[in-house]
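Worksheet: one structure, shown below.
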Amino acid sequence: MNKKLISFIMAFMLVFTLCSCDNQGGEEDDENGLKVDCRGEYSKALSGTVLNVYNWGEYISDGEDDAIDVNAEFEKLTGIKVNYTTYESNETMYSQIKSGGVSYDIIIPSDYMIERMINEDMLRKIDTDSLSNYDLIEKKYKGLYFDKNEEYSVPYNVGMVGIIYNKKQIGEPEKSWKALWDPKYKDMSLNFNNPRDAFMTAQMILGQDLNTTDKKDWDAASELLKKQKSVLQSYVMDEIYGKMETGEASIAPYYAGDFLVMKDENPDLEFYYPNEGTNIFIDSMCIPKNVKNYDAAMMYINFMLEPDVSLANAEYIGYASPNKAVVSNPEYCYFEDEILYPEEPPENIQYYHDLDTETRMYYENLWIDIKLY
């Protein structure tokens, strides 16, 4: 065999060598400069590919405080360049994908939005059998109503909505959604700047099914949200961090995991699940129908399920993890945390479902009226 052919074969094998790393816990880099211990196998066959990832803000470990920079580690491991952008709500993400003007390879919607996107043929099927880390997902988070056959989504995080408050500023509020309407907190109360979550805060007070299709129910919730505006400081999404951490606002509804992040910045913050019940949600990794780099997307999903990566994300984000390797790890900083993993969850927990077009348009128009009221 001539030397040129031998050199070619060696180079070919090098490119397709499966990559792994030896370091545990991300404390030191291995000889390849990696901070994760890879359970799965990865290649550099797609080196140079650009992977477009569209995710929620503040929703991935980014290397802060010497934590794992997940996207950087994936790039080092595979040679794939991650082009990472963020959104504030499911509706914003949906509009971007629906417009067709942009193309993403990975998105991370919530359950009801996944159901909607499946119904509208906006997602590509995921071959979970080819994901070596899929077995790490807890069974209770597989095959749920929005993806019964486990064809379009891979669970990323789990959470519930509750109320964050500043105990130093307002003491102990009533353990109810009604606290957001209390005149005592005038100009210090916040609410969600997206219709589904904002309506939920009123629907729970009214004892409604969060997935009602009765227009009278939505009308009643709309009127209640209008009444709240007399005490409301503003509607927020990611802006809540600055407002609650600095004391600019005193009470707000938000996702439990984000409370834990905020409390690190402001120890005066506390949290409760309202007595009336709350929304539970699962955010999952999906691949849009117009994906350009399916194989790279699959490699990214599998990497996100790696125990070290899932642990880093769970600790950075503060949400409950669907990954068995995280939940069973006693070194996990939120191991058996009562907020994320309550022994006695609220009695009335409801998922959002994709609603019919008429109902959705009805409450979205009501939301516009509320904002203008």
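Every number here is computed from the coordinates shown, using simple stated rules; none is lab data. What you are looking at is a predicted structure, and each value in this text was computed from that prediction instead of being measured. Every residue, glycine as well, gets a Cβ built from its backbone with ideal geometry; the counts of neighbours run over all protein chains shown.
Taking the range 290-301 as the search range and keeping residues that are touching a helix residue (DSSP H, G or I) at 6+ places or on another chain (Cβ under 8 Å) and within 22 Å of Asp62 (Cβ to Cβ), which one is surrounded by the most Cβ atoms within 10 Å (Cβ to Cβ)?
Looking at residues that are touching a helix residue (DSSP H, G or I) at 6+ places or on another chain (Cβ under 8 Å) and within 22 Å of Asp62 (Cβ to Cβ), I get Met299.
Taking Ser110 and the conditions (1) small (Gly, Ala, Ser); (2) more than 13 Å from Asp354 (Cβ to Cβ); (3) surrounded by 13 or more Cβ atoms within 10 Å (Cβ to Cβ), which numbered condition does it fall short on, given that it satisfies the others?
(2)
Starting from residues that are in contact with a strand residue (DSSP E or B) (Cβ under 7 Å, 6 or more places away or on another chain) and small (Gly, Ala, Ser), keep the ones in the range 62-103 and report whichever is surrounded by the fewest Cβ atoms within 10 Å (Cβ to Cβ).
So, considering only residues that are in contact with a strand residue (DSSP E or B) (Cβ under 7 Å, 6 or more places away or on another chain) and small (Gly, Ala, Ser), the one surrounded by the fewest Cβ atoms within 10 Å (Cβ to Cβ) is Ser103.
Within the range 206-223, how many residues turn out to be of a type in the set (A, V, I, L, M, F, W, C), surrounded by 18 or more Cβ atoms within 10 Å (Cβ to Cβ) and not in a loop (DSSP other than H, G, I, E, B)? Working first, answer last.
Going residue by residue through the range 206-223, those that are of a type in the set (A, V, I, L, M, F, W, C) are 206, 210, 218, 220-221.
Subsequent filtering for residues that are surrounded by 18 or more Cβ atoms within 10 Å (Cβ to Cβ) retains 210, 218, 221.
Restricting the remaining residues to those that are not in a loop (DSSP other than H, G, I, E, B) gives 218, 221.
Here the count works out to 2.
For the range 312-319, does any single residue satisfy the condition of being part of a loop (DSSP other than H, G, I, E, B), of a type in the set (Gly, Ala, Ser) and out of contact with any strand residue (DSSP E or B) (no Cβ under 8 Å at 6 or more places or on another chain)? Quick ask: steps written out before the conclusion?
Within the range 312-319, the first condition is being part of a loop (DSSP other than H, G, I, E, B), and the residues that meet it are 318-319.
Filter once more, so that each one left must be of a type in the set (Gly, Ala, Ser): 318.
When the remaining residues are screened for being out of contact with any strand residue (DSSP E or B) (no Cβ under 8 Å at 6 or more places or on another chain), the result is 318.
Yes, the range 312-319 contains at least one residue that is part of a loop (DSSP other than H, G, I, E, B), of a type in the set (Gly, Ala, Ser) and out of contact with any strand residue (DSSP E or B) (no Cβ under 8 Å at 6 or more places or on another chain).
Search the range 322-373 for residues being outside any loop (DSSP other than H, G, I, E, B) and aromatic (Phe, Trp, Tyr), and hand back the single one that is surrounded by the fewest Cβ atoms within 10 Å (Cβ to Cβ).
Taking the range 322-373 first, the residues outside any loop (DSSP other than H, G, I, E, B) are 323-327, 349-350, 357-372.
The next check asks that each one be aromatic (Phe, Trp, Tyr); those that pass are 362-363, 367.
Values: Tyr362: 17, Tyr363: 21, Trp367: 21.
By that ranking, first place goes to Tyr362.
How about the range 225-243: which of its residues are over 21 Å from Asn166 (Cβ atoms) and buried (at least 19 other Cβ atoms within 10 Å of the Cβ)?
Answer for the range 225-243, where residues must be over 21 Å from Asn166 (Cβ atoms) and buried (at least 19 other Cβ atoms within 10 Å of the Cβ): just Leu225.
For the range 308-367, which residues satisfy the criterion of being in contact (Cβ under 8 Å) with a residue 60 or more places away in the chain and among the basic types (Lys, Arg)?
Selection gives Lys324 alone.
Hey, among the residues in the range 126-142 that are in contact (Cβ under 8 Å) with a residue 60 or more places away in the chain and not in a helix (DSSP H, G or I), which one's surrounded by the fewest Cβ atoms within 10 Å (Cβ to Cβ)?
Asp127
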